[in-house]
Structure formats: C-alpha cells, structure tokens
Amino acid sequence: MNDKNTKNEKMEAIVSLAKRRGFIYQGSDIYGGLSGTWDFGPLGVALKRNIMNLWWKMFVSDREDMLGVDAAILMNQKVWKASGHVDTFSDPLVECSNCKARFRADHVENNTCPNCGKIGTMGEARQFNMMFQTHVGPVDDEASVSYLRPETAQGIFTNYKNILDSYYPDLPFGLAQQGKAFRNEISPRDFIFRSREFEQMEIEYFVDPAKWEESFEMWRKLVWDWCAAIGLPVESIHELEVPEDKRAHYSKRTIDFEFDFPIGKEELLGLAYRTDFDLMNIQNNSGKSMDYNIKGTNTKFVPHVIEPSFGVERTIMAVLSTAYTEDEINGEKRVFLKFPEHLAPIKYAVSPLLKNKPELVAKAREVYNILKKKHGAVMWDDNGNIGKRYRRQDEIGTPYCVVIDFDTLENGTITIRERDTTEQKRVAISEL
Ligand code: GAP
C-alpha cells in the first residue's frame, strides 16, 4: 500500500472515531449535511475549549503586553470595503462545461473535471468573492449589505482607537480575539481542514515601524512555543516563507507554519507583517487619526502590525492526528488518543469493579465526587467489563481510569490505570 493510501486511511479512521465517539459531526447531519460545516459534540467541545483556553492563557492572561477583545461578527460594510476584502478576497473559480460543477482553479489537475472526469471541459477562471453576504434590517438594499466576517482581525483593528482611548497601552502591545469566521470556500474538504464556518484565534500586535522585525521574530518563537504546548512534534512543523506573489494583499512578509497532517503537508497557521495597511485604510476611510503618540514626546506615527493567526479547527485536526495511535495489547489491536493531559476532554474515568454491588457503587460514587470537584472533567463509566471500559476510555484519550474494588472498601486504595503504558498501580484515594 502506498504512503498516500495509508495516510488517507488514518484520516478516515480519525473522522470515523470523531463521529462515533462524539467529538465532531457533519453539520446538519440529520438533513443530509451542509457542506463545509461541522458540529462539535460533548468531547469535541471540551477539546476545543481546552485548546482555546490554553491559547488565551498563554497569549493574553499571562502577558503584560496583551489585551482581549470580542467584537460583533456583523460589521458595517465600510469595514470590508476599507480592508480590501470586497475587492480582493476571492479565489479563482472554474466551471466544468459538461457537468456544471465548480471548483477552485488550483484544485483541478490536468484540466480534468474532478466531478465527471471529462478532460478539457474546465472553462476560464473567474474571481469568486468568498464573503457571505447578508442584509442587516428589514430592507434588502445596497445600504443594508453586510458580511459574515471572513477573519476576526478586522474586529480588532476597528477597536484599536477605542483601546487607545480607554487604556493607552505602551508600544508594543497586542489585541487578541477568538471567534467565528466564515468563508464561502469553493471546495470545502478534508474534514474540518477547509470549512465554510470555522473559528480563529488572532493577535494584532502593534509596533513601532522601525522595530517590526524584532516583534516578528518574537512571535515566530512564540508560535513554536505554542506548538510545543499543544504537543505537536517539532519534526512535523515546517516554516514556509511565502513568496510575494502568493501573499495576502495586506502582507509584506508571511511565514506559513505547515503541519504534516494525514492529508499531507498543509498550512496550520500564519504569521504576517501587515504593515500599517489596515490602520491607514481605517484612517483614510473614517477620517479619524490612528496615530500613536509616544508618551511624554512629540513622536507620532501609525503603528505597524504583526499578526499571528491561528485556526482552531486546523489546530484540533493537528492535535487529533498527533494523538491518534494504534498498538497491540495481548494480540488485540488497540486505538487510543494520546492527548497531552491538559488537553484531554476527560481526565479521569471512575468505575466500580462490579456495578451490581451497591457497596462498590457507593464507594465509587464517593471517589467520583472527590475527583469531579477537583478536576471537573471526570466521567462515570460502569458499562461492560473493565477491559471494555479501558478500551472505550483509550479511544477518547482519557489519561487515567480509576477502579474501585473490594480492597478499596478494606484499605482505601484504588487501582489507577494509565492510558499510554496501560500500567496499573494501587494508590490511596487521598493520593489522587
Ligand atoms: N487574519 C489573517 C487570516 O485570516 P488566513 O491565512 O486567511 O489569515 C488564518 O487564515 C488561519 O485561519 C489559517 O492559517 C487557518 O488556520 C485558518 N483558516 C483559514 N481558512 C480556513 C478554512 N476555510 N477552514 C478552516 N480554517 C481556516
């Protein structure tokens, strides 16, 4: 079997596990789905929150130079005109003259329609704007046009002036935002990798134009720290210096951080030098000064911006594919998710050895309550035999299974079984 097939098998195994165990479902599944949308189930939402909370802690709460914002998704249409998105946020689209299917031009190989397989039927490429348009209010006219934001960044830039007025932080400083972004992708694909609705975690870091390189290097290093914090192997991450003709319209320098996903090496996140592109556009279109006045001096300038931009779904996909592991125990195949403990949706599963022994169940409930109070993410699991419970917990990446048996009643010790090694130890309840 070639490498590509093995990789696709891994992707299929992850997609299937994600659905079966309640991590991620196709959006609107019950009605046949809606392409490019995904719903997070109980374990998926826990994993997502663990990732997003860690990001917020690392890049906002733990730092002195960062502040958070949470802007409205719907914004005045002027935002998207000024930012260049109305004119340039588009992908080249081609249509097959035979089956009428439409594709992103760079997703078509050898002039062959990916849908009907005909050769030479793909028409000329035209630009397709990826913003979802809507109308705000009851009148559908030009003035009421708005868009679902295609990036969270603009909600930060439009609040830069508010933040200066309320806080006047020293330069350099950054504003961070997490939230939904929407892109009408021509061909959403590869599970959650390319979605039409997804979540971003973005930072706009405002700097003295003369010192942009310093901050760019600082964020480059912090991106590596982040990848380590979520347990991604260093050897699976690759920096790609994006050439000028491939960079977004606002960027003077971009490094894409690519990751070896099961679908191949693809962009995980980006680090861009957006110059003063956005603030100058806002200044010119709003008529309001975006100048930053260095305190105690007459020095004024419009700051430049370094933007580390993280996609939540791609992060989840990288974490899931890193965690997905198969091994063999006593001649039987085992699938487990080797999540770093701090990202695991469930930290402990608690079971009574036998569920028809009230004294074991009562003691197990006691232990469950202690752990639940301490860790929150604790699951009660008394279905099937112990072996089956272990397999089930392995599959959702629970680092520890705690079993209460008759010895527990006698001496207050429990069995704790570790996910990765499958080793079991007896420890006192008080040591948990
Ligand atoms: N504000 C800059 C910006 O939005 P981008 O490279 O277009 O830059 C940043 O997007 C990140 O958002 C990407 O690196 C990726 O992680 C995520 N992303 C972009 N489009 C996506 C999509 N269709 N589905 C899932 N994630 C996406």
Next item on the list: Go through the range 329-340 and give me each residue that's assigned to a loop (DSSP other than H, G, I, E, B) and open to solvent by 30 Å² or more (accessible area, probe 1.4 Å).
Entry: 330, 331, 338, 340
Margin query: Of the residues 192, 203, only one is within 13 Å of the ligand (Cβ to nearest atom), touching a residue at least 40 places away in the same chain (Cβ under 8 Å) and not in a strand (DSSP E or B); which?
Written below: 192
Notebook entry, point to check: Given the conditions (1) surrounded by 16 or more Cβ atoms within 10 Å (Cβ to Cβ); (2) touching a residue at least 60 places away in the same chain (Cβ under 8 Å), which single one is not true for residue 76?
Noted result: (1)
Margin query: Being under 16 Å from the mean Cα position of the chain (by Cα), more than 10 Å from the ligand (Cβ to nearest atom) and hydrophobic (A, V, I, L, M, F, W, C): is that true of residue 176 here?
Written below: yes
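Yes/no matrix, rows are residues, columns are (1) at pLDDT below 95; (2) touching an Asp or Glu at 6+ places or on another chain (Cβ under 8 Å); (3) open to solvent by 30 Å² or more (accessible area, probe 1.4 Å):
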site: 3; (1), (2), (3): yes, no, yes
site: 9; (1), (2), (3): yes, no, yes
site: 19; (1), (2), (3): no, no, yes
site: 27; (1), (2), (3): no, yes, no
site: 63; (1), (2), (3): no, no, yes
Next item on the list: Identify all residues within the range 206-230 that are assigned to a helix (DSSP H, G or I) and acidic (Asp, Glu); write none if there are none.
Entry: 213, 214, 217, 225
Checklist line | residue 415 being crowded, with 18+ Cβ neighbours inside 10 Å, touching a helix residue (DSSP H, G or I) at 6+ places or on another chain (Cβ under 9 Å), more than 30 Å from residue 15 (Cβ to Cβ) and without any contact (Cβ under 8 Å) to a residue 60 or more places away in the chain | finding: yes
Check: Across the range 248-272, what is the number of residues that are assigned to a strand (DSSP E or B), of a type in the set (Phe, Trp, Tyr) and either near the ligand (Cβ under 9 Å from one of its atoms) or under 16 Å from residue 207 (Cα atoms) (or both)?
Finding: 1
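The values are calculated or read from the model by the stated rules, or taken from the named source; none is laboratory data. As the structure is a prediction and not an experimental result, all values here were calculated from the model. Neighbour counts run over all protein chains shown; Cβ positions are idealised from the backbone, glycine included. With ligands, DNA and RNA removed, areas are computed over all heavy atoms of the protein, side chains included. Shrake-Rupley method; radii C 1.70, N 1.55, O 1.52, S 1.80 Å.
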